[in-house]
């Protein structure tokens, strides 16, 4: 098929709360996809490598909290709190090393926030958005950008030694506009030298779409800035204002853009989806890419 995309499914699709990776992988058997992104919603267990070895055969990416920490934390590599920042860097460094050990080619991390966040309680509603709750005082943005640069420099060195590509995920939200880094086009100027050094971008379509509306810039402008460094595109459906991470249905506005991404891998990153919804999303995304 012309312009048939490389499709990954994030393991976050199953359920709303923390899930068992082995069960999720079992539920994914037989899907017409090329890869799996190991996501941020799994309970910790000591035998991840054994589970993944038994499910070998597909390309692997890892994301942010995979493998999960034995003790819960909200990663913030730009935090003004040295303890939070150091714990976040330690977790990410271990995650990169783990990615290398299981043969994952890409590890994605979120760039962090101006305020540290609470761990959200699971919401069982299928329409629930997925947003953190920020209770702390916001840090100075310029200072946070400098912390982000330092942290990503450290992680780039770890990734290079581990033979894993490092990507940072684009951000944006209506609920907490401006609290995240890498929301606006100017944010990328502050770490441009790191992109030249090998840092890549995991372009979260929903986050960046929200950011464009909130900060009043052209979505195309941000996409053009990121395009030379794109490692993957994360896709999900929503109501245009809340980050629902819903499965992509026929007629989603997201499908209007799928054909513009060329051969960049597409990650379908859903929550609380069903197996039939996954199959529908794979089909509609593949057909949209071929238009």
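The values are calculated or read from the model by the stated rules, or taken from the named source; none is laboratory data. Since the structure is predicted, the reported quantities are computational estimates derived from the model, not experimental observations. Glycine gets a Cβ as well: all are built from the backbone with ideal geometry, and neighbour counts include every protein chain shown.
Looking only at residues in the range 161-186 that are in contact with a helix residue (DSSP H, G or I) (Cβ under 6 Å, 6 or more places away or on another chain) and not in a loop (DSSP other than H, G, I, E, B), the one that is surrounded by the most Cβ atoms within 10 Å (Cβ to Cβ) is 166. Contact annotation: residue pairs with Cβ atoms under 7 Å, 6 or more positions apart or on different chains, pairing a residue in the range 64-78 that is surrounded by fewer than 21 Cβ atoms within 10 Å (Cβ to Cβ) with a partner that is assigned to a loop (DSSP other than H, G, I, E, B) and modelled with pLDDT under 90, are 72/119; 74/116; 74/119; 74/132. Each residue in the range 33-54 was checked for being part of a loop (DSSP other than H, G, I, E, B), over 16 Å from the mean Cα position of the chain (by Cα) and buried (at least 16 other Cβ atoms within 10 Å of the Cβ), and 1 of them qualify.
Rundown of residues vs (1) crowded, with 21+ Cβ neighbours inside 10 Å; (2) in contact with a strand residue (DSSP E or B) (Cβ under 7 Å, 6 or more places away or on another chain), yes/no style:
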position	(1), (2)
211	yes, no
224	no, no
237	yes, yes
250	no, no
259	no, no
271	yes, no
275	no, no
283	no, no
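Just one of the listed residues (31, 38, 52) is over 21 Å from residue 169 (Cβ atoms) and in contact with a helix residue (DSSP H, G or I) (Cβ under 6 Å, 6 or more places away or on another chain), and it is 52. The residues in the range 1-32 that are surrounded by fewer than 19 Cβ atoms within 10 Å (Cβ to Cβ) and either outside any strand (DSSP E or B) or without any contact (Cβ under 8 Å) to a residue 24 or more places away in the chain (or both) can be counted, and the count is 20.
Per the conditions (1) at pLDDT 95 or above; (2) in contact with a strand residue (DSSP E or B) (Cβ under 7 Å, 6 or more places away or on another chain), the sole criterion not satisfied by residue 255 is (2). Checked against (1) touching a strand residue (DSSP E or B) at 6+ places or on another chain (Cβ under 9 Å); (2) at pLDDT below 90, residue 128 meets all criteria but (1).
Checked against (1) assigned to a helix (DSSP H, G or I); (2) surrounded by 14 or more Cβ atoms within 10 Å (Cβ to Cβ); (3) out of contact with any strand residue (DSSP E or B) (no Cβ under 6 Å at 6 or more places or on another chain); (4) touching a residue at least 40 places away in the same chain (Cβ under 8 Å), residue 96 passes all but condition (3).
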